[in-house]
Each structure stands twice: as structure tokens, then as C-alpha cells.
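Below is one structure, written out as C-alpha cells; the observations come after it.
Each reported figure results from applying straightforward, stated rules to the coordinates on display, with no laboratory input. Everything numeric here is computed off the predicted structure, so don't read it as measured data. Don't worry about glycine lacking a Cβ; one is built from the backbone with ideal geometry, like all the others, and counts go over all protein chains shown.
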């Protein structure tokens, strides 16, 4: 038996005896206040009320408040260190307690009800979630450090009540909210990103981020420790449910496993569930080249079908000027278009957002299909490299033709619901700075002359 195993066993025995002793009101010789006895003088607040004490940065809690919460984490498998995660109820917000206490599972097993004395502790946020710790000054600023082990045992104690595991909140990846950070969640429909290059849960003695994806373009990172008991285990294949503690902030979420069993992949992977799709109902609906701002260029796709279309292996290709060989290409892997939905693609995200007041759905490099100066030709290809839709005539420079949109735009007419593998000028309303070949002499000004994300038939 190792020293670590002996220590854990002894601690577990001591805690068990302590809990049984103190939850027995008949023990008159008890030296520690009985947690089973109601203490009217304690001001126990709900976890929601802790948010009202947050002042925007790390600061001390100066009121004699207490919390009673359940433990939703365990450091026994070694993937969680220096932290206890607490929660009041399933689906509710969570709380991170930063601590130097080792083997917290021996003192506060997962599911146990604990009472936390808040006065004098420091409250801040890590990511979007509330956290408690000790103060540490860094360049004149107070940040959260771990609470010393002895102080942790003074402030945190077992409360009277049987252990009861908090059920994880089942939630889709795209429905996560900041309020759920530091709580226990179960995310369905995830798998290891096929582009991941690390075959095991973690690299030795390193915190390792493993990319996860869903079947519709959603992404987040799995956080694993290179000190965990399972860091050398091979990551599972397939698709399924990931359970763990949510960390981070919107757009940068991470999920922290409690143990290897939190990955339950019992379904086929995305490529098996959703084989490549063909459709003639995905249209190029708008291409923009504003006269007043080249940084506000974009291209928009639209799904006119009554069913969703998954765009894995689809791509947009630009034929620059009069070139008959493709130039810039945009892969559409991981994207899905719902019925009546648009997909707006831009090359200069910050500029696009500042001009139109919305975020582009996909940001790509410049000098591609989303960054045309109006005399290029754009082709939409399906997973089998078949032309689904086209704007312009590849090999023909658009200048002075029926497909020039320089300083203007090309807008698909509202009644067009089927893509065309050949360019049909009558399907478009095309404006530019020349008015040649039946186009409109009408240079466009962003944002007022453009409608990204609002194709006439979209919902």
C-alpha cells in the first residue's frame, strides 16, 4: 500500500467518524457544533444572491453570510486540482472555491452537502463564473489565489444531510449560457475533432486541451490534466455525451472532466450519421462590393428548401477576373443551413460588424469569394465537386458585362428557389458603377443598400 493510499484511507475514516459523531444530537461530549442542529443565527443565502455581492473585481465579502451547497467535483482521479466546484441544485449556477487543500474528496465527497462561511473570503469571476479565494496582489491589482488548506477547513464544513448527487444539466452546445459556468452539464452529440493530433486524454504533466466538435459546426475544448490517473488512456472514437464542469466564457467555453467515464461515446461519428449531402436548393443570394467601404464586402448563401442541409465538403470557389482556373476557395465543412436560413461570409470581420451591426456567420481570408471587387465569378460546389450554383461566367472578366457588380451588388431575385449550374442574368438584380449590359447604374453605400442575413424569402 502506498503512502498516498494510506493517507486517503485514514482521512476517509476520520471524516466518516467525525460526520457520524456530529450528526448525533445525543453525543453530549461532541467538541464541534452539531451540523444537524438548526442554528438560527446563521444567515444562509441562496447562491443567486452571491452575484449581488460581486463588485466587478476581486473584493472581500464583509457580511456574515453562509452558503449551503453540494459538491459536484472530485479530485480523486487527479484531473481536478486546487479547486472545489459547488452547486445548489441541478441546472442552477455553480461556484468555484480555489483551495490548497489536497485530497478534497476525502473531506468533502462528491454529492455531500457543505456549509461555507463567506465572511472575509474574496469574491471574483473566473471566465463568466463566480469564484472564491484568497487575495493576491499582482502589479497593484488584487487577484484570486487559492485559500490555504487550514483556512479551507475552518470555512468549509460538512452540513447535516445525506449525500445526494447533483444531476448534470442536459443541454445542447449552442444553448450554453454564461450563468452555467462552474456548474455540471452534459453536452450531447459531441466527438473528438477529426483534426486532433493527441491520441490520449492528456500529455504527460501538461494541462491539455482536446478539441471537441458537434455535427453542425459547434466547437469547444475538453480540459484534461497530464497528472490525472487516466491521462495515458486512448481517447474514444464515435459520438456521444460529454459530462463535466463548464468553464470559460461565451465563445471560449471549456469542459473539465471529473474522470474518464465522463466521456460516453455510444453513437456513430458525424460522418457516419450525416453522409455528404447534395441539394439544388442552396443558392448564392447576395454578393456585395460597397462603393464606400471595401471592408464591408460579403457573400451570402440561402437555403430555400424545407429541410436542413449539412454543408460538409461543400465549397465556394472564386475565379478571379478572366481566369478559367479557380483561385480563392472557402470550405464550408461543419456548417448547416436550416430551412429559410442564410449564411453570411465575410473577410474582414471587425469592419463588417462595425458597418452592419451584426456578426458574420463565417470569417474567411481576403482575396476569396467573400472579398470580390465586382468583376470576379463565384461557383458553389457540392461534396462531389458538382456545380450547384454559379454567379458569372468563369473565364470571362466581369467588367462591362451582365455580371459586373463593381461598387454595387448582385442580389438573387426573391422568386428564385432553385440553384442554377449556369449563369442566368434574369435571376439577378445587379447594380454597379457602369450600368452596362442591362445592369443598374447604382453604386451601393453600406450599410443602407445591403441586406446581409435578410434574403427576401428568409424567415
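Taking the beta-carbon count within 10 Å as an exposure proxy, list 384, 230, 81, 298 from fewest neighbours to most.
384, 81, 230, 298
Using a 7 Å offset from the Cα along the Cα-to-Cβ direction at both residue 81 and residue 196, what is the distance between the two label points in nm, to one decimal?
2.1
Quick one: length gained pulling residue 188 to residue 51 fully straight, 0.36 nm per residue minus the C-alpha distance?
Separation in residues times 0.36 nm, less the Cα-Cα distance, equals 46.4 nm.
Give, in nm to one decimal, the length gained when the segment between residue 175 and residue 205 is fully stretched (0.36 nm per residue of separation minus the Cα-Cα distance).
Extra length from residue 175 to residue 205 when fully extended: 7.5 nm.
Relative contact order of the chain, please, whole-number percent, based on alpha carbon pairs below 8 angstrom and at least 6 residues apart.
Computed value for the chain: 10 percent relative contact order.
Pop a pseudo-label 7 angstrom from the Cα along the beta-carbon direction at both residue 63 and residue 136 and give the gap in nm to one decimal.
2.9
Could you work out how far the C-alpha centroid of the range 91-128 sits from that of the range 355-376, in angstrom?
After rounding, the separation between the Cα centres reads 46 Å.
Could you compute the FRET efficiency for residue 441 and residue 333, with r as their C-beta to C-beta distance and R0 at 45 Å, rounded to 0.05?
Calculated transfer efficiency: 0.70.
Quick one: of the DSSP bridges fully inside the range 169-273, what percent are antiparallel, nearest 5?
Percent antiparallel among DSSP bridges in the range 169-273 is about 80.
Using a basic spin-label model with each label point 7 Å from the Cα along Cα→Cβ, how many nm lie between residue 233 and residue 424?
5.7
Enter the angle in degrees (range 0 to 90, nearest 10) between the Cα long axis of helix 3-22 and the first principal axis of the Cα atoms of the chain, meaning the one along which they spread out most.
Around 70 degrees separate the two axes.
Tell me the mean residue ellipticity at 222 nm calculated for the chain from its helices only (DSSP H runs of n ≥ 4, each -39500 (n - 2.57), averaged over every residue, nearest 500).
-2500 deg cm²/dmol
In what sequence do 420, 183 fall when counting other Cβ within 10 Å, fewest first?
420, 183
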